[in-house]
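The values are calculated or read from the model by the stated rules, or taken from the named source; none is laboratory data. Note that the coordinates shown come from a computational prediction; the quantities given were computed from them, not determined experimentally. Here the Cβ positions follow ideal geometry from the backbone for every residue, glycine too, while neighbour counts run over all protein chains shown. Please note that ligands, DNA and RNA were not included when accessible areas were found on the heavy atoms of the full protein model with its side chains. Shrake-Rupley method; radii C 1.70, N 1.55, O 1.52, S 1.80 Å.
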Amino acid sequence: MSARSKARKRALDILYQSDVRGDDLAVTLAAEAKRAAAEPAREASWLYAREIVDGVIDARDEIDEQIVTHARDWKLERMPAVDRAILRIGVWELLYNDEVPTAVAIDEAVELAKEFSTDDSGSFVHGVLARIARAG
């Protein structure tokens, strides 16, 4: 697994944890940063995970608007928390990180959905992100 794939998984953990617990995302990120400081071997994945989460914090309203606009009859609060987190990562990579090719951002998000969410989540995530990519 590449360092970026590991970072996406870490970012997913942070976003999901914050969402499910109802904690402020910045507080959850700070707690993870403290933990990461004690794990220098995982620094490569931590740096990109932090970049993703910081990006989601900075552009949360725009990211969520894109998700709701392209989710076709799905309200954000109706989506499973893990799907929301995966979509936020995918949208951030699509719209705010020029280093990640569109196909890679979508494929990585779909793989996370297949591994950590429902049987239908992979196709749902793919559909939403593909519509956002086409619109962008």
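What pairs come up if the first residue lies in the range 1-23 and is touching a residue at least 60 places away in the same chain (Cβ under 8 Å) and of a type in the set (Val, Ile, Thr), the second is in a helix (DSSP H, G or I) and surrounded by fewer than 17 Cβ atoms within 10 Å (Cβ to Cβ), and their beta carbons are under 6 Å apart, counting only those six or more places apart or on different chains?
Going by the 6 Å Cβ cut-off, the qualifying pairs are Val20/Ala81.
Of the residues that make up the range 27-48, is at least one within 22 Å of Val91 (Cβ to Cβ), open to solvent by 70 Å² or more (accessible area, probe 1.4 Å), without any contact (Cβ under 8 Å) to a residue 40 or more places away in the chain and outside any helix (DSSP H, G or I)?
No: the range 27-48 contains no residue that is within 22 Å of Val91 (Cβ to Cβ), open to solvent by 70 Å² or more (accessible area, probe 1.4 Å), without any contact (Cβ under 8 Å) to a residue 40 or more places away in the chain and outside any helix (DSSP H, G or I).
Within the range 106-136, how many residues are open to solvent by less than 60 Å² (accessible area, probe 1.4 Å) and either within 23 Å of Glu62 (Cβ to Cβ) or in a loop (DSSP other than H, G, I, E, B) (or both)?
The total comes to 17.
Just one of (1) assigned to a helix (DSSP H, G or I); (2) farther than 13 Å from Arg10 by Cβ; (3) of a type outside the set (Phe, Trp, Tyr); (4) in contact (Cβ under 8 Å) with a residue 24 or more places away in the chain trips up Ala103, so point out which.
Answer for Ala103: the failing condition is (4).
Can you tell me which of (1) of a type outside the set (Gly, Ala, Ser); (2) surrounded by 12 or more Cβ atoms within 10 Å (Cβ to Cβ); (3) under 16 Å from Ile132 (Cα atoms) is the one Tyr16 doesn't meet?
Failed condition: (3).
Would you point out the residue of the range 83-105, among those that are open to solvent by 20 Å² or more (accessible area, probe 1.4 Å) and of a type in the set (Val, Ile, Thr), that is nearest to Ser2 (Cα to Cα)?
From the range 83-105, those open to solvent by 20 Å² or more (accessible area, probe 1.4 Å) are 84, 94-96, 98-99, 101-104; that's our starting set.
Next, only the ones that are of a type in the set (Val, Ile, Thr) stay: 102, 104.
Values: Thr102: 17, Val104: 12 Å.
Of everything passing the filter in the range 83-105, Val104 is nearest to Ser2 (Cα to Cα).
Checking Thr28 against (1) of a type in the set (Val, Ile, Thr); (2) out of contact with any helix residue (DSSP H, G or I) (no Cβ under 7 Å at 6 or more places or on another chain); (3) more than 21 Å from Val125 (Cα to Cα), which single condition isn't satisfied?
(2)
So which pairs qualify, if the first residue must be in the range 106-134 and over 20 Å from Thr69 (Cα atoms), the second must be at pLDDT 95 or above and not in a helix (DSSP H, G or I), the Cβ gap must be under 7 Å, and the two must be at least 6 apart or on different chains?
If the second residue must be at pLDDT 95 or above and not in a helix (DSSP H, G or I), the pairs left are Ser117/Pro80; Thr118/Pro80.
For the range 60-70, does any single residue satisfy the condition of being surrounded by 15 or more Cβ atoms within 10 Å (Cβ to Cβ), touching a helix residue (DSSP H, G or I) at 6+ places or on another chain (Cβ under 8 Å), among the acidic types (Asp, Glu) and under 24 Å from Arg35 (Cβ atoms)?
no
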